[in-house]
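The values are calculated or read from the model by the stated rules, or taken from the named source; none is laboratory data. As the structure is a computational prediction, the values presented were derived from the model and not from experiment. Heads up, the Cβs are rebuilt from the backbone with ideal geometry, glycines too, and the neighbour counts pull from every protein chain shown.
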Amino acid sequence: MTIARVVRACRSGPSQWDAWTTTGQYLYLRYRHGEGSVERHPDQSTGTWDGEESILWARWDDGTDGDSIALTDFLAMAGLRLAPDAEVHTTPPIDPKA
């Protein structure tokens with residue numbers, strides 16, 4: 001799968017990103033305690049994540065028990081790649097409620 005847009009979801013561990021493929025599919029990327037996962041969901045709203053369209057697309061354990069990983073390393077482990085013109089946001093959006 002090719003990623004067209006990726007946004008870092010939080011400032012600290014675990015490493016998490018919201019991502020969209022070149023076909024518009026939403027993916028939730030997470031790395032915690034050395035375990036990486038890619039979940040496919042209908043959209044970014046967590047209220048939609050329990051339906052039939054949600055699946056665990058990939059999962060792995062690198063044996064490090066780490067909570068931080070570079071996006072490029074995560075994508076390589078997950079078998080994903082960035083589109084040449086991908087929009088990448090490495091700083092999470094500011095929460096207006098904070």
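Taken over segment 55-81, the residue count meeting the criterion of being of a type in the set (Phe, Trp, Tyr), part of a strand (DSSP E or B) and within 18 Å of Trp20 (Cα to Cα) is 1. Mind listing whichever residues of segment 65-92 are surrounded by fewer than 12 Cβ atoms within 10 Å (Cβ to Cβ), in contact (Cβ under 8 Å) with a residue 24 or more places away in the chain and either β-branched (Val, Ile, Thr) or touching a helix residue (DSSP H, G or I) at 6+ places or on another chain (Cβ under 6 Å) (or both)? Once the filter is applied, which keeps residues that are surrounded by fewer than 12 Cβ atoms within 10 Å (Cβ to Cβ), in contact (Cβ under 8 Å) with a residue 24 or more places away in the chain and either β-branched (Val, Ile, Thr) or touching a helix residue (DSSP H, G or I) at 6+ places or on another chain (Cβ under 6 Å) (or both), segment 65-92 yields Thr90, Thr91.
Residues in segment 26-54 that are out of contact with any strand residue (DSSP E or B) (no Cβ under 6 Å at 6 or more places or on another chain) and assigned to a loop (DSSP other than H, G, I, E, B): His33, Pro42, Ser45, Asp50, Gly51, Glu52, Glu53.
Total residues in segment 42-83 satisfying the condition of being out of contact with any Pro (no Cβ under 9 Å at 6 or more places or on another chain), closer than 21 Å to Arg5 by Cβ and of a type in the set (D, E, K, R): the figure is 3. Of the residues examined, Ala9 is one that is touching a residue at least 24 places away in the same chain (Cβ under 8 Å) and small (Gly, Ala, Ser). Cβ-Cβ distances below 6 Å connect no pair with a first residue in segment 18-47 that is more than 25 Å from Asp62 (Cβ to Cβ) and touching a residue at least 12 places away in the same chain (Cβ under 8 Å), a second residue that is outside any strand (DSSP E or B) and among the small types (Gly, Ala, Ser), and a separation of six or more residues or different chains. Does Val38 satisfy being surrounded by 13 or more Cβ atoms within 10 Å (Cβ to Cβ), within 15 Å of His89 (Cβ to Cβ), modelled with pLDDT of 95 or more and among the β-branched types (Val, Ile, Thr)? No, not satisfied.
Checked against the criterion of being at pLDDT 90 or above and touching a Gly at 6+ places or on another chain (Cβ under 7 Å), the candidates Gly79, Gly63 yield just one match: Gly63. Note on segment 82-98: among residues that are within 17 Å of the chain's Cα centre (by Cα) and part of a strand (DSSP E or B), the one that is modelled with the lowest pLDDT is His89. Across segment 1-15, the qualifying residues are those that are at pLDDT below 95 and touching a Leu at 6+ places or on another chain (Cβ under 9 Å), and the one among them that is nearest to Gly63 (Cα to Cα) is Ser15.
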